[in-house]
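> Have a look at this one before I ask anything.
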Amino acid sequence: MLFQSSMSLNRCKWLAPGSIIRWAILISWLVSCCRVVNGQNVDDYNQFDNPAVLPLVTQIIYRKLSNTTVVLNRELATRGKFCVKDPDADWNKAFNFSTNMDFLSSCIRKTRGDVGRRLCTAAEMKFYLNAFFNPSGSPGVLRPNINCNLTSWVSGCEPGWGCSVSPDEQVDLQNSRNIPERTQICEPCCEGFFCPRGLTCMMPCPLGAYCPMATLNRATGICEPYTYQLPPGQPNHTCGGANIWADVRTSGELFCSSGSYCPTTTQKVPCGSGHYCRMGSTSEKPCFKLTSCNPNTANQNMHAFGIMVIAALSTILLIIYNCSDQILSTRERRLAKSREAAVRKAKARQRWKAAKVAAKKRATEIHTQITRTFSRKKSSQHVDTLGMLSYTNSEADEDLYLPDHSTPSNASVQSSHEIEDSAEGRERVSLEIEGRRTKGHNVPKTKKTRSQIFKYAYDRIEKEKAMEQENNNLTFSGVVSMATNSDTRKRPPMELCFRDLTLTLKSSGKHLLRCVTGSIKPGRITAVMGPSGAGKTTLLCALAGKAVGCKTSGLILINGKHESIHSYKKIIGFVPQDDVVHGNLTVEENLWFHAKCRLSADLSKADRVLVVERVIDSLGLQAVRNSLVGTVEKRGISGGQRKRVNVGLEMVMEPSILFLDEPTSGLDSASSQLLLRALRHEALEGVNICMVVHQPSYTLFSMFSDLILLAKGGLTVYHGSVNKVEEYFSGLEINVPERINPPDYYIDILEGIVTLGGNSGITYKELPLRWMLHKGYQVPADMRHSVSEFVNPEMGMNHAESEEQSFAGELWRDVRSNFGFRHDTIRHNFLKSRDLSGRKTPNMMLQYKYFLGRITKQRLREAQLQATDYLILLLAGACLGSLSKASDESFGASGYTYSIIAVSLLCKISALRSFSLDKLHYWRESASGMSSTACFLAKDTIDHFNIIIKPVVYLSMFFFFTNPRSTFFDNYIVFVCLIYCVTGIAYALAIFFQPGSAQLFSVLIPVVLTLVATQPKNSEAMKIIADLCYPKWALEAFVVANAQRYYGVWMITRCGSLMKSGYDINEWTLCIIILILIGVVSRGSAFVGMITLQKK
């Protein structure tokens, strides 16, 4: 700069008299600069006090200082890769003094240009840093060296003092191998530099530090603002400069104090109003809006902002809490209005058609009478023709908006001679006709509005009801003619034949079923009855392919072919004994979900509406269609209505075979008859219905087509028509007394309650054998040997197994049986069979859409519970944020540790509800052919709403109370990944354990794993165990995100803290990936467990 200013002088002026003197001065300046550069001493102090020379010298010294600090920073980056992410950026934030070099100019004046000989070389800086990276040593305590040892201890070895090298020795500041001998001209350290105890050189204080000259406090003998004392026995020794740069615990006095900022290392400025200054700040930061900052404050007061956040979130939660049901209720009311309007129009239309038909019929009668009066010889053929024409016109008027095509029948009906053989032929066929449903029509594509669809459905339903009334006046031949009408669509027929069906428990060898032979046919209702322990439900499960843990023998044929029943899973309905119905859905929503997922995908929406409305109407659920089914905590519909909804879930999928396990248990007589009438309507369409019943009334008993009567031990006593059961037992001289219900009497006999009399000498134990002999079935050898042994429930056990075994033998047998059952369950769940049902149900993506809709409705109705979860999380954030302050020493690790435990615990417990409460529902839906993948993904997708929102709720309190240096977004990302991780773990706990055990593990796991993750990693085994704990990665991500905001004077503190914790500043992305990976793996294990583990 001086050279440039010299060249800018007028050339003529320099040629004027006295120019020789000016040239001499310029040459002397340059020589001085060169001597300073070479590290030589300058004898003439006044020339460094010259304002024209000092800036040039300062720039040259700063260039040499920069090269030295680059070596220091490079050493930090090499030795501390775990704590230095960007070496250039860290150097720029710590040692870039280019904006203000006053401290360096002051030191040049103070040392009379000898500053270059007093600066630490690269070797001395490495020696200094080794004290911090050496695990065996104490931080800041230096080992003996060439200048400071037991035999040589000059005053420059004391804290705050430094020395220079000899005048004839050259100093290479970039020498990183040898420490120069530096014991000459010892003086106090310059301002802006620190001289550690045990070294005789000076190092620049990093930005964010305050390094003034110390003053002696004569009362305490301490050199303030530092903590070192004057050495004893040296009265001429005075306080020097700063003594050590280390972590904040060791040298906190070097850091710029809180409430002030230090633009240079020799200047400290109090923080002004509206700004805040953290410890080690180089500038003041403005406070956010809606916050207040008093002068000399270290943090901004965000209480007002926090109160506004609390008020806003509380308002939103209250709105959700009080108005969650209104959204669904409003939508249901709009649908109900359209439906009621369609019902009224359909009934009015049907009444008008009935009146028109009656008027035409009356006109026909009058015409016939007049014709007979005037012409008795005239044939009545004209009258019949007119009647047919009138009926045709009526049908034409009815189908103005309906299509004119139909699907032909694909199943046969009962023949006329079979009907005539029945004692109740006329009545049975009349019942058949009243349930006829002409399903072959599809609504035109132009009819897509909600009102038109409801009109289409209810017109069809009212038409069927009108046909039911008309059937009462038909002749028998007319009934048969209508029964064989090809316009009625029937379902694919499925006949099941079973021969010598035997089921034996693998664990004990006990027979559950024994030599059961028979068949169940389409269009008939077969009742399975018998005393407790007779194997009724076992027979149903065996025919439905649901029997596991048993050895099955015998033959099961489907339509005369040996095929797997699982190949027809899409058209088989199974109604369990328990009412497995979603309690937080309405009756209509439960039925609609099964209809959408299990009906044919190419079925139009209008036909689906028709199917659902028929089921609701036939089961008598119109009055409660919009009522919640209810749960244990929340009252809903009655038990009988719930039972009918349970049956309706299988009816809406239009099965070809329908199995029902005790559907009438708990129902009164009227509800049972209503249910049986609905099932008879299903049977008329060719559905094969088989159901287990317990002692039905005589009215219900007479509504069945066939009966399978089982004795204890799974033995068949009777299998045939209900109308011939009394005839068969009469042949055995077992007559039902008067005024006694036949099924009750037969079951009492099989229970041994009623003793058989008469001359036959038959006991109830002989009845199964009598049936085999009656049907000509082959009798097993053991049954021929001893009838009493045969009927004994333990008869199926081998003699060796019936002998008493040791405790170890029984334990081994139970363990082996349990593993065998698990193996059979897993094999059964993963069994894949070729689909022979001929029905194409919605694919996985469509079912995923339906599951999303259902779960969304459930969560909206559970919004009050969700709001409670958010409120608890909000309070947890406020409490932990106020109790745990952000510590600069550990970068807020303690507060983040508590947060990980609290958030993990609360989010796990809430995530348990996704699967713990719906296990039975999932097992039923998956067994019916619904997609397990769609169900799991839909639940997980809905839970992503909580994964995104809950971090905001928690951080809205915790972040603004602790006010860490890391950004809100950094904390939010880590919390999102943490909640994603613990949600997956909660899924696995909910699926693999019972609800009580899952909740206990949800509480213990976060606490235990966090304690393990925060333990010192003194051994490799402990480190491996900690790496397996998800809290370790979450805590590291939080600490690293916070540590990245500490720079300048905080570099050694950052490295020391990260080294002690075993964290790496470059692994923030790795921590996020591992948290997500744990969440994915836990979800994968939960999904595998969900599709493999079933209820026994």
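> Using a Förster distance of 41 Å, how high is the FRET efficiency between GLN234 and GLU889, based on the Cβ-Cβ distance and rounded to 0.05?
0.75
> Hey, how much of the P(r) for the range 103-256 falls beyond 24 Å, as a percent of Cα pairs?
27 percent
> Something else now. Among the listed pairs LYS510/LYS561; LYS849/LYS939; LYS908/LYS1017; LYS521/LYS643; LYS521/LYS551; LYS268/LYS885, give every one whose C-alpha distance is greater than 21 Å.
LYS510/LYS561; LYS908/LYS1017; LYS521/LYS643; LYS521/LYS551; LYS268/LYS885
> Return a whole-number percent for the relative contact order of the range 120-204, with Cα pairs under 8 Å and 6 or more residues apart as the contact set.
37 percent
> How big is the gap, in Å, between the Cα center of the range 988-1047 and the Cα center of the range 707-731?
64 Å
> Say R0 is 35 Å: what FRET efficiency, to the nearest 0.05, do LYS775 and GLN673 get from their beta-carbon distance?
0.60
> A follow-up question, please. Taking the Cα-to-Cβ direction at LEU871 and at THR1069 and moving 7 Å from each Cα, how far apart do the two end points lie in nm?
4.3 nm
> For VAL1088 paired with LEU1011, estimate the spin-label separation in nm (one decimal), with each label point 7 Å from Cα along the Cα-to-Cβ line.
Placing both labels 7 Å along Cα→Cβ, they lie 3.0 nm apart.
> I've got another one for you. By how many nm would the segment from THR368 to ALA219 lengthen if fully extended, with 0.36 nm per residue of separation less the alpha-carbon distance?
39.9 nm
> Write down Rg/Rh for the range 858-929, rounded to two decimals, with Rg from the C-alpha atoms and Rh from the Kirkwood relation over Cα pairs.
On the Cα set of the range 858-929, Rg over Rh gives 1.21.
> Could you rank PHE193, PHE945 by how accessible they are, 1.4 Å probe, largest area first?
PHE945, PHE193
> Given the whole protein assembly as supplied and a 1.4 Å probe, what does the accessible area of LYS605 come to in Å², nearest 10?
140 Å²
> If R0 is 22 Å, what FRET efficiency do you get for LYS605 and LYS849 from their C-beta distance, rounded to 0.05?
That gives a FRET efficiency of 0.95.
> Then there's this: Around ILE222, which amide H atoms from residues at least 5 apart in sequence, or from another chain, sit under 5 Å from its own amide H, with H modelled in the peptide plane?
ASN217
> Another one. What number, in percent, do you get for the relative contact order of the range 629-765 if the mean sequence gap of Cα pairs under 8 Å and at least 6 apart is divided by its residue count?
16 percent
> Moving to a separate point now. Take the Cα pairs of the range 989-1057, get the Kirkwood Rh, then feed it into Stokes-Einstein at 20 °C and 1.002 mPa s and tell me D in µm²/s.
150 µm²/s
> What percentage of the solvent-accessible surface of the range 868-959, computed with a 1.4 Å probe over protein heavy atoms, is contributed by carbon and sulfur atoms?
74 percent
> Using the Cα atoms as the points, what is the convex hull volume per residue of the range 560-663 in Å³?
Roughly 115 Å³ of hull volume per residue.
> Would you please give the residues with an amide H less than 5 Å from that of LEU658, counting only those at least 5 places away or on a separate chain, with H modeled from the backbone geometry?
Amide H to amide H, under 5 Å and 5 or more residues apart or across chains, LEU658 pairs with GLY573, ASN688, ILE689, CYS690.
> Residue-wise, which Karplus ³J(HN,Hα) couplings in Hz belong to the range 1014-1020, taking 6.51 cos²θ - 1.76 cosθ + 1.60, θ = phi - 60°, and x for glycine or proline?
9, 6, x, 8, 7, 10, 5
> Once the principal axes of the Cα atoms of the range 836-979 are found, what is the range along each, listed largest first in whole angstroms?
70, 25, 19
> Continuing with this model, one more query. Just to confirm, what accessible area per residue do you get for the range 83-214 at 1.4 Å probe, in whole Å²?
Each residue of the range 83-214 exposes 40 Å² on average to a 1.4 Å probe.
> Using a 1.4 Å probe over the heavy atoms of the protein chains, calculate the carbon and sulfur portion of the accessible area of the range 693-773 as a whole percent.
46 percent
> When the solvent-accessible surface of protein heavy atoms is calculated with a 1.4 angstrom probe, in what order do ASP1027, ASP86, ASP943 fall, highest first?
Heavy-atom accessible area, descending, gives ASP86, ASP1027, ASP943.
> So for the pair LYS506, VAL269, with labels modelled 7 Å out along Cα→Cβ, what separation do we get in nm?
The modelled label-to-label distance comes out at 8.1 nm.
> How far, in nm, would the chain grow between THR856 and LEU557 when pulled straight, counting 0.36 nm per residue and subtracting the alpha carbon separation?
So the extension gain works out to 103.4 nm.
> Now a separate question. What number in nm² do you get for the range 635-727 if you take the convex hull of its Cα atoms and divide its surface by four?
7.1 nm²
> Debye calculation, C-alpha points only, no solvent: report log10 I(q)/I(0) for the range 904-1007 at q = 0.12, 0.17, 0.20 Å⁻¹, in the same order as the q values.
Those come out to -0.47, -0.81, -1.00, one per q.
The values are calculated or read from the model by the stated rules, or taken from the named source; none is laboratory data. Here the structure is a predicted model, which is why all the values come from computation and not from measurement. Glycine also receives a Cβ, built like all others from the backbone with ideal geometry; neighbour counts cover every protein chain displayed. Just so you know, the surface numbers come from the protein's heavy atoms only, side chains and all, with ligands and any DNA or RNA stripped out. Shrake-Rupley method; radii C 1.70, N 1.55, O 1.52, S 1.80 Å.
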